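One structure below.
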Amino acid sequence: MLNNADEKRVPVPPFTLESAIKKVRLAEDGWNSRDAERVSLAYSLNTTWRNRTEFVSNREEAKSFLSRKWNKEVEYRLIKELWAFNENRISVRYAYEWHDDSGNWFRSYGNENWEFDHNGLMTNRYACINDMPIKESERKFHWPLGRRPDDHPELSELGL
């Protein structure tokens, strides 16, 4: 059996409003880095995911999934927003913009439900995502690739 008992990813459960908001922002920052190796370390060794039609059953599969994702979704920029939380679960809504290798732009909208172990590693991730084609002129996420600036509007402020 896989073991990650010594790994820790703060903040850890039980979550407060403040720590849940921080956990969401750290996840957003990680995904905006598009560094599959680094991002995969936020997940338990035996993490399970449902993402569209793909199912992931461990950290290595998560890393492979993320590498494929960011190779396909060019100029990926993401905003996540806390929706709800309890002791060891967080629910988020999010949107991200990207284009394919033909230059077609999309805004993807989604919801995720996360469950964490006592060390703050994500054990379960269930995602529901819809892609909407957009014109490049309709983009709302214009910061340089990487971490979203602190003064950039959140989803609610953008009307998304």
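Just so you know, in the range 38-61 the residues that are under 12 Å from Arg125 (Cα atoms), in a loop (DSSP other than H, G, I, E, B) and not hydroxyl-bearing (Ser, Thr, Tyr) include one that is most open to solvent (accessible area, probe 1.4 Å), and it is Arg52. Suppose the filter is open to solvent by 20 Å² or more (accessible area, probe 1.4 Å) and of a type in the set (A, V, I, L, M); does Ile79 pass it? No. Scanning the range 21-45 for residues that are in contact with a helix residue (DSSP H, G or I) (Cβ under 8 Å, 6 or more places away or on another chain), within 21 Å of Lys8 (Cβ to Cβ) and touching a residue at least 40 places away in the same chain (Cβ under 8 Å) yields Trp31, Ser33, Ala42, Tyr43, Ser44, Leu45.
Yes/no per residue for (1) without any contact (Cβ under 8 Å) to a residue 12 or more places away in the chain; (2) buried (at least 17 other Cβ atoms within 10 Å of the Cβ); (3) not polar (S, T, N, Q):
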site: Ser67; (1), (2), (3): no, no, no
site: Glu73; (1), (2), (3): no, yes, yes
site: Glu87; (1), (2), (3): no, no, yes
site: Glu97; (1), (2), (3): no, yes, yes
site: Trp105; (1), (2), (3): no, yes, yes
site: Asp117; (1), (2), (3): no, yes, yes
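Checked against (1) open to solvent by less than 70 Å² (accessible area, probe 1.4 Å); (2) more than 21 Å from Phe65 (Cα to Cα), Lys135 passes all but condition (1).
When residues in the range 62-81 are screened for being in a helix (DSSP H, G or I) and over 23 Å from Lys22 (Cα atoms), 8 of them pass. Among residues of the range 6-29 being in a helix (DSSP H, G or I) and more than 17 Å from Asn113 (Cα to Cα), the one that is farthest from the chain's Cα centre (by Cα) is Glu18.
Residues Glu28, Glu18, Glu7, Glu81: which one is of a type in the set (D, E, K, R) and at pLDDT below 95? Break it down into steps so the answer makes sense when it comes.
On the way: Glu28 fails: at pLDDT below 95; Glu18 fails: at pLDDT below 95; Glu81 fails: at pLDDT below 95.
The unique qualifying residue is Glu7.
The values are calculated or read from the model by the stated rules, or taken from the named source; none is laboratory data. This is a predicted model, so every value here is computed, not measured. Virtual Cβ from ideal backbone geometry, glycine too; neighbours counted across all protein chains shown. Just the protein is used for accessible areas: all its heavy atoms, side chains included, with ligands, DNA and RNA removed. Shrake-Rupley method; radii C 1.70, N 1.55, O 1.52, S 1.80 Å.
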